[in-house]
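Just so it is clear, none of the values below were taken in a lab; they were calculated from the coordinates. Values in this document were obtained by computation on a predicted structure and should not be read as measured data. Heads up, the Cβs are rebuilt from the backbone with ideal geometry, glycines too, and the neighbour counts pull from every protein chain shown.
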Amino acid sequence: MAKMGNLYDATKCTACRGCQVACKNWNQLPAVIEPFKGNYQTHESTNANTFTIVKFFEYDDVYGPKWYFCKHQCMHCEYPACVDVCPRKALYKNEWGAVLKDYQKCVGCQYCVYACPFEIPKYHKESDMVTKCTLCAERVEAGGIPACAKTCPTGALQFGERQELLAIARERVKYLRANGFPNATIYGEHELGGLNKLYILGDVPEKYGLPSEPKVSSITTFWQNIVQPWFGLLIPLALAGSAASFFTTRFLKARREQQEGGATHGTHN
Amino acid sequence: MELITKYEPDVERIERFSFVARFAHWSHTITFVILLLTGLLLFMDSRWDFLAVVFGGYRGAGLIHRIMAVIFTVVPLVCVVLNWRGFVEWWKDVFSFGKNDIKFLLKFPLEFMGFHVDIPPQTKFNGGEKMNSVVTTTSCILVAISGYIMWFPSIFPPTLVRLAYPTHDIFMIIATMMVCMHGYLGSLHPGSGESFWGMVKGTVKADWAEHHHKAWYDKQREQQG
């Protein structure tokens, strides 16, 4: 199956947040009420019961204020850091690109929470597990499309094959650049080796709360690629040294005693 | 071939470790081993499923790991308070690292493999034991701190949490290495002999003490008058 993904066009989004509601509805997630922060954004970030949120950004411009909206959720990376760090192999990537989770295996260690360069997976205290967007894999496999894309009234969210979506995105960016959005760009084509959530942005990624060069922390890669596979070998080495000494000490002692003509060496060695 | 030197209660013996010190040592040993086994489940990336069964699955192991972690950190602190003088004496000795200790460390690899070497007089703790004290204690403190950060990650900055994971692993490995060597040297290594009973019964044979820890032995004698 070809890589499937979402294409989110930030320039078409009206921040109706229908996707947020549809996501909650389909995934049967309870409402999370956070204190008012002085803007229209419902939550600070994704949380254990909110897999997707639309973030609001306001900027002053010579032509007046600009108001940007951007839907944030799991990016379903081609090379997901969360899958690498998961010690229970609960996280995995399916054949058409979704990063999924086997909740039978999750033990709530939260390694994935701190490995994700987009800070998306969140810890759910009541179940002691970490939750995130599933790209509605069960809907897609039954022939449907993700709940968020299904509900989007403006056509800002589309679901389809990644290659086709990229072609659409390139056309759209070309149009936007020619029509008053000189900084328009595609996000997710090359970032971190490619994301299965593609974005059409009307401006630079930072202005939409997205890192322009997302990067897995070097501490995490050092831990996963050097410490975990190699440092542990020191333990069998110490055990082997002790085992070797166990035999050589006794062998040498026996030989010494033999040389001394069977006389014991005394109470100390 | 005997595995551990026989305990001889009838000969002259001198006290090496008080009850509190021994209690701290063995409670630390037991909790360390349980922490190690429950922790290795995750470190081994789920390749040790058979071990998870022993602790009631991965969640059971996680719970045991946390309970043991609390004992692992609280008991030594209590013991330090209860046996403050012994604690100070220990660390004073450890930091009086001198020429004889360096000589010990240089000659020790041969002694370890069973060759006969002449070692200069050692204080209560020999050069190797001093190294072990410093490395193991440092590792335990760092493992404990990083462990608590991993337990309650939401109250710490994310970078610190990310740093805690490799720290926990690296110092767990160093501590385990030291424990393997220390456990072997303190029991099955024929040269160490009496030191095992020093930590189990609290006393060691006087002539062993004179041979292995001359400086300490002389001081004890002086104090006894």
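Here are some notes:
- A Förster radius of 35 Å, combined with the Cβ-Cβ distance separating A:Asn179 from A:Ser218, puts the computed FRET efficiency at roughly 0.30.
- Checking every one of the trypsin sites (Lys or Arg not before Pro) in the range A:43-142 against DSSP loop status and a limit of 10 other Cβ atoms within 10 Å picks out A:Lys125.
- Projected area averaged over orientations for chain A, convex hull of C-alpha atoms, nm²: 22.9 nm²
- Extending 7 Å from the Cα toward the beta-carbon at both A:Phe247 and A:Tyr59 defines two label points whose distance is 7.0 nm.
- Amide N of the range A:48-89 lying under 14 Å from the label point, which is placed 7 angstrom from the Cα of A:Lys105 along Cα→Cβ: A:82-89
- Shown for A:Phe251, A:Phe69: other C-beta atoms within 10 Å of each C-beta, ranked fewest to most, produce the order A:Phe251, A:Phe69.
- Ordering B:Phe152, A:Phe246, B:Phe125 from the fewest to the most neighbouring beta carbons within 10 Å gives B:Phe152, A:Phe246, B:Phe125.
- Our note on the geometry: Cα centres of the range A:137-198 and the range B:142-205, 51 Å apart.
- The range B:207-225 and the range B:1-61 have their alpha-carbon centroids 30 Å apart.
- Each of B:Met181, A:Met75 has some number of other Cβ atoms within 10 Å of its Cβ, and from fewest to most they run B:Met181, A:Met75.
- Chain B: DSSP helices with Cα axial extent of at least 24 Å and average Kyte-Doolittle hydropathy no lower than 0.0: B:19-43, B:57-82, B:127-151, B:158-185
- Using only Cα coordinates, the Kirkwood hydrodynamic radius of chain B works out to 19.4 Å.
- Compactness ratio for the range B:107-225: Cα radius of gyration over 2.2 N^0.38 Å (N = residue count) comes to 1.40.
- Charge context of A:Lys89, other residues only, Cβ under 14 angstrom, K/R +1, D/E -1: +1
- Only one residue of A:His76, A:Thr42, A:Gly188 has its Cα farthest out toward the positive end of the dipole of the range A:4-216, where Lys and Arg carry +1 and Asp and Glu -1 on Cβ, and that residue is A:Thr42.
- A straight Cα-to-Cα reach below 25 Å connects B:Lys205 with the lysines A:Lys253, B:Lys6, B:Lys92, B:Lys103, B:Lys107, B:Lys124, B:Lys130, B:Lys214, B:Lys219, residues fewer than 8 places away in its own chain not being considered.
- Mean-square fluctuations from a GNM of chain A, with a 10 angstrom spring cutoff on Cα atoms, peak among A:Gln259, A:Gln224, A:Gln28 at A:Gln259.
- Computed from the C-beta positions of B:Arg66 and A:Gln258, the FRET efficiency with R₀ = 41 Å rounds to 0.15.
- Normalised by 2.2 N^0.38 Å, with N the number of residues, the alpha-carbon radius of gyration of the range A:181-248 equals 2.12.
- Estimated [θ] at 222 nm from DSSP helical runs (n ≥ 4, -39500 (n - 2.57)) normalised by residues in chain A, nearest 500: -8500 deg cm²/dmol
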